[in-house]
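To start, the structure itself, in structure tokens.
The values are calculated or read from the model by the stated rules, or taken from the named source; none is laboratory data. Bear in mind the structure is a predicted one, so any value in this text is a computation, not a measurement. Here the Cβ positions follow ideal geometry from the backbone for every residue, glycine too, while neighbour counts run over all protein chains shown.
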Amino acid sequence: MKKLPALFFIFVIFWSCQNTKPKKKIEIDHSKTQPIFIKLGLYPSFNQPGEILINFNEKYILFYNASPYSYEELWRSEYNQNIPEKQNNLYFENHYTIVPYHSKLSDDQINPIIQKINSLSEKDYQFDPNFMMLDGMCYYFQILFSDHTFREINPLNYPNKNQFELSKMIIDLVEENSLNEANDQVLNTFKDYQKGLEKRYNEE
């Protein structure tokens, strides 16, 4: 009788494995024009900005500081002569900065992003000069294609659904490859800025 629970447990595991659908493999037709490079700039109003580069041909990703950033809380104490030292210490403690890194990627990691870029419409590349910029996180995409076409997407801090989904895929890929706590903190900040848009687009 004691064998029955064990046999039942094995059956459940076997049944679960049999009913797990394999992830569909995405194939890219390289005989056609394809994106070979993308840069995503993420510029929060009140936090460390960052940039992400993906080289689809060489299959690697880079994540680094877009520019130096001074946090307001370090300047609240008037005429504090120790501020430069504080900033230096925070930098080396990796609390308020991105630690630049490089990581190799697989086809399974890059092909979904290539597919998403190829699904963008001409409207997704258009810039609305009448858009009012508010506090939030500004997005800026630059994409190079194999036919030497260079495209930009500048939705400021209000990307449409396709632009948002592309940015989220790229941020998630950085998070998947990140092995640094400081970078995880910065990525979480980016994702916090995205929550409002994510909720809106998930409800559509």
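Just give me the residues in the stretch 34-54 being outside any strand (DSSP E or B) and either at pLDDT below 95 or within 18 Å of residue 177 (Cα to Cα) (or both), in sequence order. Give the steps one after another, and end with the answer.
Here is the first cut: in the stretch 34-54, the ones outside any strand (DSSP E or B) are 34, 45-49.
The answer is 45, 46, 47, 48, 49.
Only one residue in 177, 162, 183 is free of Cβ contacts under 8 Å to residues at least 60 places away in the same chain and either surrounded by 18 or more Cβ atoms within 10 Å (Cβ to Cβ) or on the phi < 0 side of the Ramachandran plot (or both). Which one?
Among 177, 162, 183, only 162 is free of Cβ contacts under 8 Å to residues at least 60 places away in the same chain and either surrounded by 18 or more Cβ atoms within 10 Å (Cβ to Cβ) or on the phi < 0 side of the Ramachandran plot (or both).
Could you please find all residues in the stretch 101-131 being in a strand (DSSP E or B) and not hydroxyl-bearing (Ser, Thr, Tyr)?
Here is the first cut: in the stretch 101-131, the residues in a strand (DSSP E or B) are 101-104.
102, 104, listed by residue number.
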